[in-house]
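Colleague: I'd like to ask you about the structure that follows.
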Amino acid sequence: MILNRVLFTLLVLLSFSLKAQITEPELDVLVEKTMKTFNVPGIAVGIVKDGKLVVAKGYGVSNINTKQKVDANTLFGIASNSKSFTAAALGILVDEGKLNWDDKVIKYLPEFKMYNDYVTQEFTIRDLLTHRSGLGLGAGDLMIWPDGHNFTPNDIVKNIQYLKPVSGFRTKYDYDNLLYVIAGEVVAKVSGKSWCDFVEERIMKPIGMKNSAASWNRLKDTTNVIVPHVPVSGKLQVIKRYTNPIFDAAAGLYTSVNDLSNWLILQMNEGKINDQVIFSKEVHHDMWTSQTILPQRNAYPYTSNFKTYGLGWQLMDINGHLQVSHTGGLDGIVTQTIMIPDIKLGIIVLTNQQSGAAFNSISNTIKDSYLGLPKFDHLTYLSQERKNKEDDAEKITAEVWETVAKNLKDKNLNVDYKNFTGTFKDNWFGEVVLYEKKGKLYFTSKRSPRLTGEVFYYKGNNLVVKWNIRSFDADAYIFFDLDANGKLNHFKMKAISPLTDFSYDFHDLDFIKSEQ
């Protein structure tokens with residue numbers, strides 16, 4: 001009798017589990033609706049369960065011009081999902097006794113220097129990976145973003161000393177890219193191999209990521225690769241791909257759901273796959289151990305008791321389950337990886353447009369189905385949330401450009417642009433030039449020449465710059481102030497729209513006019 005009850009209970013639980021999991025037709029409908037709602041041309045989805053890839057599908061097209069279809073082998077740039085590979089690379093070196101997480105960075109890169117001498121002396125390998133440096137969100141990212149600049153990793157190591165902290169060392173989470181670039185330099189210095197060589201040879205090839213590469217520039221076959229897309233004035237456009245190798249250790253990998261699934265299987269099996277140990281259980285536990293506390297914002301519709309960052313992974317509680325995850329974004333590409341280790345579930349969503357709401361709609365719905373949670377319309381909720389944010393941003397940007405338009409029509413307003421012209425220098429970003437041509441004012445950066453655009457008068461001593469490349473969606477204020485002699489020889493900047501990508505960190509710039 002007791003045995004029969006146990007069997008009955010197991011059958012009920014199994015029935016519930018099978019019923020809860022999203023079916024392939026349901027997934028197809030979800031992804032198609034998501035692509036339509038958020039104007040995403042192509043998406044690939046992978047689901048890993050109990051150590052196996054159980055779903056691997058492509059949807060839509062990799063390129064709106066060629067109409068090539070997305071499949072499970074289509075390669076996407078996974079952007080900051082690459083950061084966990086950098087953490088693992090350092091973990092392998094820890095396993096080999098070649099470094100320790102709490103070694104000082106200056107032990108390996110003596111030229112490394114932060115704004116504060118104490119921070120320089122105390123900064124560890126662990127600090128490179130945990131977004132707690134004291135620097136602001138995306139500080140210094142204009143040395144890597146947008147593409148087309150001439151900065152090098154050595155420039156980042158040298159120039160990071162000029163970035164002023166916005167919080168105390170190790171007191172606050174602020175997402176950082178530059179320190180992962182520097183972490184890649186540590187891998188190279190300690191291993192004697194480039195970051196790309198090390199990651200491909202010690203991680204990617206052994207776990208079967210055979211069609212992938214650590215950088216766009218190292219792909220041997222590009223016949224099945226997405227192109228990035230951005231909506232410009234409501235119309236989807238193919239844009240130039242980010243290809244600069246400076247970003248590789250922070251955001252360089254190109255891979256597919258078929259290949260990337262092996263990375264999630266390795267992670268959920270504590271560093272082991274197909275009888276190969278890539279890194280030890282101890283290193284795996286280090287990477288999945290909370291290092292930095294994140295602000296606990298609304299996790300609706302889930303309940304969440306904590307949110308932290310480990311080493312290359314974000315960690316949080318979802319309705320009592322540990323979720324290990326990361327996202328990644330480049331121009332026209334956003335991606336997501338999620339693991340819920342206690343039910344051995346992994347989710348991969350790769351897209352060729354830059355709407356984070358799209359991948360969240362899909363991954364959350366899949367997650368809910370495997371956790372047996374009540375159905376929730378993530379697509380509608382996230383779509384409305386996105387619309388609210390876009391509407392708020394539109395009000396701000398519309399006011400600015402309406403003011404500019406009125407100024408251009410005001411015959412009583414005489415703005416002498418010569419007062420604003422000259423060459424101006426920031427300590428880490430270098431020189432920019434404001435110059436007048438045929439009665440108009442223009443801005444151009446010497447080291448990042450794609451940041452070029454027309455400058456318009458706004459209010460007081462404030463101007464706005466409208467970038468020539470409209471897909472940036474990053475127009476910015478220019479705030480001039482008077483020096484002791486009453487000259488306009490100094491200015492700062494700030495993005496106009498609150499939705500501007502944080503890597504356009506204009507607010508970290510401080511320009512002084514160069515002496516003629």
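Colleague: Among the listed residues 413, 408, which satisfies the condition of being more than 19 Å from residue 315 (Cβ to Cβ), in contact (Cβ under 8 Å) with a residue 24 or more places away in the chain and outside any helix (DSSP H, G or I)?
Modeller: Exactly one residue qualifies, and that residue is 413.
Colleague: State yes or no: is residue 89 on the phi < 0 side of the Ramachandran plot and in a helix (DSSP H, G or I)?
Modeller: Spelling it out, residue 89 is indeed on the phi < 0 side of the Ramachandran plot and in a helix (DSSP H, G or I).
Colleague: A follow-up question, please. Does region 150-200 hold any residues that are within 12 Å of residue 246 (Cβ to Cβ) and of a type in the set (Ser, Thr, Tyr), and which are they?
Modeller: Matches in region 150-200: 152, 180.
Colleague: Take the residues of region 342-398 that are more than 18 Å from residue 22 (Cβ to Cβ) and among the small types (Gly, Ala, Ser): which is farthest from the chain's Cα centre (by Cα)?
Modeller: Per the criteria, the residue is 398.
Here is a yes/no grid of residues against (1) under 30 Å from residue 41 (Cβ atoms); (2) out of contact with any strand residue (DSSP E or B) (no Cβ under 6 Å at 6 or more places or on another chain); (3) modelled with pLDDT under 95; (4) of a type in the set (Ser, Thr, Tyr):
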| position | (1), (2), (3), (4) |
| --- | --- |
| 162 | no, yes, no, yes |
| 176 | no, yes, no, no |
| 184 | no, yes, no, no |
| 208 | yes, yes, no, no |
| 234 | yes, yes, yes, no |
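Colleague: Let me ask something else about it. Can you report the number of residues in region 404-419 which are surrounded by 15 or more Cβ atoms within 10 Å (Cβ to Cβ) and modelled with pLDDT of 95 or more?
Modeller: 1
Colleague: I'm trying to understand the selection: among the residues of region 130-151, which are crowded, with 24+ Cβ neighbours inside 10 Å and small (Gly, Ala, Ser)?
Modeller: 133, 139, 140
Colleague: Taking the condition of being in contact (Cβ under 8 Å) with a residue 24 or more places away in the chain and part of a helix (DSSP H, G or I), how many residues in region 174-203 meet it?
Modeller: 19
Colleague: Additional query: Of all the residues that make up region 296-317, how many are in contact with a helix residue (DSSP H, G or I) (Cβ under 6 Å, 6 or more places away or on another chain) and of a type outside the set (A, V, I, L, M, F, W, C)?
Modeller: So the answer is 2.
Colleague: Taking residue 42 and the conditions (1) under 16 Å from residue 348 (Cβ atoms); (2) in contact with a strand residue (DSSP E or B) (Cβ under 6 Å, 6 or more places away or on another chain); (3) loosely packed, with under 15 Cβ neighbours inside 10 Å, which numbered condition does it fall short on, given that it satisfies the others?
Modeller: For residue 42, the exception is condition (3).
Colleague: Output the number of the condition that residue 379 fails; it satisfies all remaining conditions of (1) surrounded by fewer than 23 Cβ atoms within 10 Å (Cβ to Cβ); (2) aliphatic (A, V, I, L, M); (3) outside any helix (DSSP H, G or I).
Modeller: Among (1) surrounded by fewer than 23 Cβ atoms within 10 Å (Cβ to Cβ); (2) aliphatic (A, V, I, L, M); (3) outside any helix (DSSP H, G or I), residue 379 violates only (3).
Colleague: Right, another one. If you check residue 424 against the conditions, is it outside the structural domain of residue 150 (by TED's automatic domain parsing), touching a Gly at 6+ places or on another chain (Cβ under 9 Å), under 30 Å from residue 158 (Cα atoms) and of a type outside the set (Ser, Thr, Tyr)?
Modeller: Answer is no for this residue.
Colleague: Quick one: count up the residues across region 310-356 that are polar (S, T, N, Q), surrounded by 19 or more Cβ atoms within 10 Å (Cβ to Cβ) and in a loop (DSSP other than H, G, I, E, B).
Modeller: The number of residues fulfilling the criteria is 4.
Colleague: A follow-up question, please. Only one residue in 91, 134, 77 is within 28 Å of residue 471 (Cα to Cα) and small (Gly, Ala, Ser). Which one?
Modeller: Details: 91 fails: within 28 Å of residue 471 (Cα to Cα); 134 fails: within 28 Å of residue 471 (Cα to Cα).
Every option except 77 fails the conditions.
Colleague: Out of the residues in region 216-270 meeting the condition of being touching a residue at least 24 places away in the same chain (Cβ under 8 Å), more than 13 Å from residue 330 (Cβ to Cβ) and small (Gly, Ala, Ser), tell me which one is surrounded by the fewest Cβ atoms within 10 Å (Cβ to Cβ).
Modeller: 233
Colleague: Going by what's in this entry, would residue 4 be described as loosely packed, with under 15 Cβ neighbours inside 10 Å and at pLDDT 95 or above?
Modeller: Taking the combined requirement at face value, the residue does not satisfy it.
Colleague: So, one more: Only helices (runs of 4 or more DSSP H) wholly contained in region 100-173 count here; list those with 1 or more residues that are in the same structural domain as residue 507 (by TED's automatic domain parsing).
Modeller: Correct list: empty, since no element meets the threshold.
One line per residue, one yes/no per condition, for (1) part of a strand (DSSP E or B); (2) in contact with a strand residue (DSSP E or B) (Cβ under 8 Å, 6 or more places away or on another chain); (3) outside the structural domain of residue 97 (by TED's automatic domain parsing):
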| residue | (1), (2), (3) |
| --- | --- |
| 211 | no, yes, no |
| 217 | no, no, no |
| 230 | yes, yes, no |
| 243 | no, no, no |
| 250 | no, no, no |
| 279 | no, no, no |
| 286 | no, no, no |
| 298 | no, no, no |
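The values are calculated or read from the model by the stated rules, or taken from the named source; none is laboratory data. All figures in this text were calculated on a predicted structure; none of them were measured in a lab. Ideal geometry is used to build each Cβ from the backbone, glycine not excepted, and the neighbour counts take in all protein chains shown.
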